[in-house]
Amino acid sequence: MNLESNTDDSSSLWRSSAFRRVWGADGTSDLARQSSIVVIPLIGALTLDATPFEMGVLGAAATIPSLLISLIAGVWVDRLAPRMTMILAALVRCLLALSIPVLWWLDILTVWLLSGIVVLIGTTTLFFDLSRLAWLPALVGRRRLSDANGKMQASRSAAQMIGPSAGGAVASALSPPLALLMDGPASLISAVLLRGVPPETGARRIERERTSIWRQAFDGMALSLRNPVLRATIGASGLTAFFGHIFLAVYVLYMATTLNLSSFEVGLVFGIGGAGALIGSFLAAPLAARFGVGRTITAGWLLFGLGGLPIPLAFMVPEYALPLVIISEFFQWMVLPVAEVNQLSLRQAITPDRYLGRVAASSRFFVSGMIPVGSLIGGILGSLIGLPATLLLGVGGMMLAFGWIAISPVRSIRHLPAGADETLDRR
C-alpha cells in the first residue's frame with residue numbers, strides 16, 4: 001500500500017458541478033435532519049402528550065436502523081448505484097415527513113405511529129449517508145477527500161446551528177407537526193440536486209458477489225477489524241462515542257445544577273460549540289496538507305481530550321465557570337472535526353471501492369452501538385460518583401482515542417493515497 005503517493009486530480013472542488021450538487025444535496029438533507037431533531041420531540045411532548053417512557057422510545061427510534069440494519073444496508077449500498085439510492089432515499093424521506101402533519105390533521109397520529117415513521121426516516125437517512133460515503137472517493141478522487149469531507153462537515157455544522165432554531169421557531173409560530181412541512185421540501189430539493197448529476201459521474205465499479213448477503217456483511221466487518229488503520233480509526237470514533245455520551249448524559253444537568261447556569265447560558269454553550277465545529281471543518285484539510293494526515297489526526301484527538309478538562313473542574317471556580325465551559329466547548333468542537341474529517345477521508349481512501357459501503361456501515365454500527373450504552377452508564381455513574389467525577393471520567397476515557405491512534409500506523413501516514421489498497425480484502 002503506497003500511502004505516500006501524491007498522484008491525483010488537484011483541481012479545485014469549487015469547479016466541479018457534480019460535487020457542488022452532491023454537497024448541496026447533503027447540506028439540505030442535514031438542515032432538514034437537524035430541524036427534525038427538535039421538532040419530533042416537540043410533537044411527542046406537546047401535541048401527543050407523550051409519557052417519559054414514550055419520549056424515550058421516540059428518542060431511540062432514530063438510532064434503531066443504525067444498530068439493526070446498518071451492516072446489511074452496507075452490502076446493498078455496495079450493490080446499488082449511489083446516485084439513484086440517494087435520490088430514492090430523499091424522495092421517500094420527503095413523503096414520510098409530509099405524512100406526519102397529514103396524519104395529525106386526520107387526528108390519527110399517535111406516539112407509536114410517529115415512532116414507526118421515525119424509524120423509517122432513520123432508514124432512509126442511513127441509506128443516504130452510506131451511499132454518499134461510498135460514492136465520494138470516485139466522485140472527487142481519493143487525494144481530495146479531506147477537502148470534500150471538510151466542506152461537507154462545514155455545511156453539517158452550519159445546519160447544526162441553524163436547523164434546530166429554525167424548527168423550534170416554526171413549531172412555536174404554527175404547531176410542531178406543521179414545522180415538518182419544512183422537512184419534506186428540503187428532502188425534495190436534495191433529490192432534485194442529485195437528479196442534476198449525470199448518472200455516469202463518479203460511477204463505481206459494482207461487482208455482483210455470489211456469496212450470501214450475510215457473508216458479505218461479515219466480510220465488511222472483518223475487513224474493518226483486520227486492517228490496523230481501519231481498526232484504529234473506527235476504534236477511536238467508537239471510544240469517543242462511548243465516553244462522550246457518558247459525558248453528555250450528565251453534562252446539561254451539571255451545567256444547570258452544579259454550575260447554576262441559566263437555560264440561556266446552557267443554550268449559549270451549545271451554540272458556541274457549533275461555531276467551533278464550523279471553523280474546525282475548514283481547518284481539517286489545510287492542517288493535514290501542512291503537517292500530514294496522520295499527525296493531524298493524532299494531534300486532533302489529543303487536543304480534543306485535553307480541551308475537555310476545564311469543564312469538570314469549573315465547579316471549583318464558580319465565578320469563572322461560564323467562560324471556562326464556553327472556551328472548552330468551542331475548542332473541543334473546533335478540533336474534533338479536524339480529527340474526524342481526516343480519519344474519515346483516510347478510511348475512504350484506503351478502502352477498495354467494492355467495500356466502501358460495508359466499511360462505512362461497520363463504522364456506523366460500532367459507533368452508534370456505543371451511544372446508548374455510554375448514555376446509560378453515564379446516568380448510573382452520575383448517581384453513584386457525582387456529576388464532576390462522571391464528567392472527568394468521560395474526558396479521561398476520550399483520551400483513549402488518542403492513545404489508540406498514537407500506537408497505530410495512522411500517525412506515520414503523511415498523505416492520502418491516490419488509490420485504494422487492493423490487498424485489504426486478501427484472505
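Values in this text are rule-based calculations from the coordinates and carry no lab data. On a predicted model such as this, the values are computed, not experimentally measured, just so you know. Here the Cβ positions follow ideal geometry from the backbone for every residue, glycine too, while neighbour counts run over all protein chains shown.
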Between TRP14 and LEU376, the two model label points (7 Å from Cα along the beta-carbon direction) sit apart by a distance in nm of 4.9
Provide the FRET efficiency to the nearest 0.05 for the LEU95-ALA289 pair, computing r from the beta carbons and using R0 = 41 Å. 0.45
For segment 142-290, compute Rh as the Kirkwood radius over C-alpha pairs and then the Stokes-Einstein diffusion coefficient at 4 °C and 1.567 mPa s; write the answer in µm²/s, rounded to an integer. 65
Label VAL102 and ILE327 with points 7 Å out from Cα along Cα→Cβ: what is the distance between them in nm? 5.4
Got a sec to turn the phi values of segment 13-29 into Karplus ³J(HN,Hα) couplings, 6.51 cos²θ - 1.76 cosθ + 1.60 with θ = phi - 60°, whole Hz, x for Gly and Pro? 5, 4, 7, 8, 5, 5, 5, 4, 5, 5, 4, x, 5, 5, x, 5, 4
Would you mind computing, in nm to one decimal, how far apart the modelled labels at LEU248 and PHE264 are, each placed 7 Å from Cα along Cα→Cβ? 2.7
With n ≥ 4 as the cut-off for DSSP H runs, can you work out [θ] at 222 nm for the chain, using -39500 (n - 2.57) per run divided by the number of residues, rounded to the nearest 500? -25500 deg cm²/dmol
Work out how much length ILE279 to LEU313 would gain on full extension: take 0.36 nm times their residue separation and subtract the Cα-Cα distance, in nm to one decimal. 9.7 nm
For segment 309-361, report the translational diffusion coefficient in µm²/s to the nearest whole number, using Stokes-Einstein at 20 °C, 1.002 mPa s, and a Kirkwood Rh over Cα pairs. 158
Here the convex hull volume per residue of segment 95-165, taken over Cα atoms and given in Å³, is 99
Counting every Cα pair in segment 213-415, what percent are over 30 Å apart? 24
Rg and Dmax [Cα atoms of the chain; Å; Rg one decimal, Dmax integer]: 21.2, 65
Suppose every Lys and Arg Cβ carries +1 and every Asp and Glu Cβ carries -1, with no other charges. What dipole size does the chain come out with about its Cα centre, to the nearest 20 debye? 1380
Applying 1/(1 + (r/R0)^6) with R0 = 22 Å to the Cβ-Cβ distance of ARG215 and ILE407, what FRET efficiency is obtained, to the nearest 0.05? 0.10
How do the peptides 385-398, 214-227 rank, highest first, by the average count of neighbouring beta carbon atoms within 10 Å per residue? 385-398, 214-227
When GLU54, GLU319 are ordered from fewest to most other Cβ atoms inside 10 Å of their Cβ, what list results? GLU319, GLU54
Segment 62-110 to segment 280-304: how many Å between their Cα centroids? 34
